[in-house]
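The values are calculated or read from the model by the stated rules, or taken from the named source; none is laboratory data. Note that the structure is predicted; figures quoted are calculated from it, not measured. Reconstructed Cβ throughout: ideal geometry from the backbone, glycine too, with neighbour counts over all protein chains shown.
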Amino acid sequence: MDSLVVWFTEFFGDSISREAVVFIISLMPILECRGGLLAASLLQVPLLTAIPICVIGNILPIPFILLLIKKVLKVMKKIPVLCKFAYWLEDRAAARSDKIENAEFLGLLLFVGIPLPGTGAWTGSLIAALLDIDFKKAIVAELLGVALATVIMSFVSYGLLGILIN
């Protein structure tokens, strides 16, 4: 993920504002808020400016994924070029769904909030939609998860952990 964030910051850094780079990275699957905060620290965007940008960028796709992903996957399965990708997405979500299925709300919150590879709001939304988790419950769990990931990644990206320990 680090190399992807560095590439984006170098590629877009001179053509658009630092804040716009952070926002775009935060919107993207895989990178999300974690990548946005890392980019913000690399671009020297102040933490209190970076946090709302990253959170908004990360939560913006959630309702669309929750509401539309099943329809999108259904259409993708009918298109030969996209069919394998649609099944891969479903399989990927199903493989991770056991972490969420038993404790829907808390499981989804922690899945989105603990910044590990393959977790986050995009995958959490996909899993929540495929498991038919209540829309309102999924939104609240994911918003809290994004908040948790933001706190954790702020400590990591901005080195706050070292400041608090010393």
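Taking the numbered list (1) in a loop (DSSP other than H, G, I, E, B); (2) β-branched (Val, Ile, Thr); (3) within 19 Å of Thr150 (Cα to Cα) in turn, Ile56 passes all entries but (1). Among the residues of the stretch 120-148, the ones that are within 18 Å of Val5 (Cα to Cα) and either at pLDDT below 90 or not assigned by TED's automatic domain parsing to the domain that holds Ser97 (or both) come to 0 in all.
Under the condition of being more than 26 Å from Val151 (Cα to Cα) and either among the charged types (D, E, K, R) or in a helix (DSSP H, G or I) (or both), the residues counted in the stretch 78-133 number 18. Report yes if some residue within the stretch 107-115 is surrounded by 14 or more Cβ atoms within 10 Å (Cβ to Cβ), touching a helix residue (DSSP H, G or I) at 6+ places or on another chain (Cβ under 6 Å) and farther than 19 Å from Leu31 by Cα; otherwise report no. Yes; the residues of the stretch 107-115 include at least one that is surrounded by 14 or more Cβ atoms within 10 Å (Cβ to Cβ), touching a helix residue (DSSP H, G or I) at 6+ places or on another chain (Cβ under 6 Å) and farther than 19 Å from Leu31 by Cα. Here Leu66 meets each of (1) surrounded by 15 or more Cβ atoms within 10 Å (Cβ to Cβ); (2) in the same structural domain as Leu31 (by TED's automatic domain parsing) with one exception, condition (2). So, of the residues in the stretch 1-21 that are at pLDDT 90 or above and assigned to a helix (DSSP H, G or I), which turns out to be surrounded by the fewest Cβ atoms within 10 Å (Cβ to Cβ)? Top of the filtered list is Ala20. Looking only at residues of the stretch 22-41 that are of a type in the set (Val, Ile, Thr) and crowded, with 24+ Cβ neighbours inside 10 Å, we find that the one that is farthest from Tyr158 (Cα to Cα) is Ile25.
Scan (1) in a helix (DSSP H, G or I); (2) closer than 15 Å to Tyr158 by Cβ; (3) not aliphatic (A, V, I, L, M) for the single condition Gln44 breaks and write down its number. In the conditions (1) in a helix (DSSP H, G or I); (2) closer than 15 Å to Tyr158 by Cβ; (3) not aliphatic (A, V, I, L, M), Gln44 misses (1) alone. Of the residues making up the stretch 42-63, those that are crowded, with 17+ Cβ neighbours inside 10 Å, among the β-branched types (Val, Ile, Thr) and within 24 Å of Ala129 (Cβ to Cβ) are Val55, Ile59, Ile62.
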